[in-house]
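Taking it in order: structure first as structure tokens, then the write-up.
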DNA sequence: CGGCATCCGGGAAGATACTG
DNA sequence: CAGTATCTTCCCGGATGCCG
């Protein structure tokens, strides 16, 4: 019967499992879905922004993921006020709360022996990693405003009381210091790879503006978790 | 050229992304992979156990997932000592640490408007949910040993100092009280659905042995997070 | 250019049957 | 019981084209 077929089709992707984890996989377990959420974690983005940050994700799949995430109530599409008029995709409040999932998965996977931290990295991905990998003990008592410029993307990280809110901004006027790097992996090499700032600056991969001491102090606050098994 | 093709094929499943989250998806982002890990969280299981706990997962896919998780260092296969001689799958130490990922995903997804808590639930899934949904404030100062019997599966939950270690056991001798339910959803209805124990007992879905007051006290310590948006 | 539909090839998932 | 072999179905990913 056709009607039974429809039921089967509707069930096809379901795990038929009351477990919240299983439901989470139905919501965001499709390929690329969680990475689309990641790219939206620091504010609304346009279709093309998302494509640029996720090379390998084709337009049709992105369209499909956006529709599924919207249907699930994780994001909404919004039209910017004139004159921009462009359409952007924005997480709902609940969608933003998915950051803990992204963080825990990232923290756990960073311990994998197979993790290769030298691959390309999107600006948002780098900024989010700081919130995950901040050594909150080492940061206790420190108050710093650090800016980041990756091409056109500007971010401001405001460290205070061991919390590290990060926002996309239009200018970096309030920053104590600013890291300028066309390629986010350069900053990652400094924060996580132990590569000295001087080396990166010598390669032209990184520039530090403003209070250099504050910048280096900030850079010392991050640490990757130890590798598993090895 | 063929050799370039091979490279492309090797890359097919990779996200080419240094982000830990992306690597996590390569490790455990395939369909069913995280649920296989979930079923192993409370100790080694056999191939058939896993199949029984994950209806809808076919044998060939399970074989493939087990091989991939083993290659990633998340689990190992081990042969039980004679006379059992059976082969079991067991998480590595790092694999067990993936529980935080499962918890965060479950906690977040439980807030989805689309979550249906009346679906079937595996015994392990129910037991793990208690660790996620325990109201640690309400549990402060309480010390309880509560047993669970679902068919042949016996578990002992030892609440103490707001921690809730749970282990698969061979007998429930040390328990203050024991919940007996052939279908785990019956216990879920009590803990999360607000269904009174008397109703479930009247339906024959649940039996409480031992210290009834301790059992009901325990059952009052769990709460689902509020639904998002609504 | 942004967004989305359509077609195609390859490969993964799912169901069934079979083997040690 | 623990997988393997086979076949079908459908998703992913790339290319093309349409439309505002």
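Each reported figure results from applying straightforward, stated rules to the coordinates on display, with no laboratory input. Values in this document were obtained by computation on a predicted structure and should not be read as measured data. Cβ: placed from backbone, ideal geometry, glycine included. Neighbour counts: every protein chain shown.
Taken over the Cα atoms of the range A:124-230, the convex hull encloses 101 Å³ per residue. With both residues required to sit in the protein assembly as shown, DSSP beta bridges show an antiparallel share near 85%. Highest GNM mean-square fluctuation among B:211, B:17, B:173, for chain B modelled with Cα contacts below 10 Å: B:17.
Neighbouring Cβ atoms from other chains, within 10 Å of the Cβ of residues in A:186-199, number 0 on average.
Averaging Cα coordinates gives a centre for the range B:82-140 and one for the range B:157-227; these two points are 16 Å apart. Looking down the axis that turns chain A into chain B, the chain A residue with its beta carbon nearest that axis, and the gap rounded to whole angstrom, comes out as A:104, 2.
Dividing the helix sum by the residues of chain A, where each DSSP H run of 4 or more adds -39500 (n - 2.57), gives a mean residue ellipticity at 222 nm of -11500 deg cm²/dmol. Each other copy places its own label point for residue A:161 at 2.8 nm from this one, sorted shortest first, where the point lies 7 Å along the Cα-to-beta carbon line. Counting, for every residue in A:109-120, the Cβ atoms of other protein chains within 10 Å of its Cβ and taking the mean gives 6. Using the Cβ-Cβ distance between residue A:77 and residue B:64 with R0 set to 41 Å, the FRET efficiency from 1/(1 + (r/R0)^6) comes to roughly 0.65. Peptide A:90-100 shows a mean partner chain C-beta count of 3 within 10 Å per residue C-beta. For residue B:140 and residue A:213, what does the FRET efficiency come to when R0 = 41 Å and r is the distance between their Cβ atoms, rounded to the nearest 0.05? The value I calculate is 0.40.
In nanometres and ascending order, the distances from the residue A:142 label point to those of the other copies are 4.1 (point 7 Å from Cα along Cα→Cβ).
What does the copy distance list look like for residue B:120, label position 7 Å along Cα→Cβ, in nm and ordered from shortest? Copy-to-copy label distances for residue B:120: 4.4 nm. Between B:18, B:71, B:139, the GNM of chain B built on Cα springs shorter than 10 angstrom shows B:18 fluctuating the most.
From least to most packed, judged by other beta carbons within 10 angstrom and beginning with the fewest, A:74, B:102 follow the order A:74, B:102. Contact order for the range A:4-97, expressed relative to its length and based on alpha carbon pairs under 8 Å spaced 6+ residues apart, stands at 25 percent. Working from the Cα coordinates of the range B:4-97, the gyration tensor eigenvalues give, after taking √(5λ), semi-axes of 27, 14, 13 Å in decreasing order. Students often get this wrong: which residues of the range A:28-50 have the backbone nitrogen under 16 Å from the point 7 angstrom along Cα-to-C-beta of residue A:14? In the range A:28-50, the label zone of residue A:14 (backbone N under 16 Å from the point 7 Å along Cα→Cβ) covers A:28.
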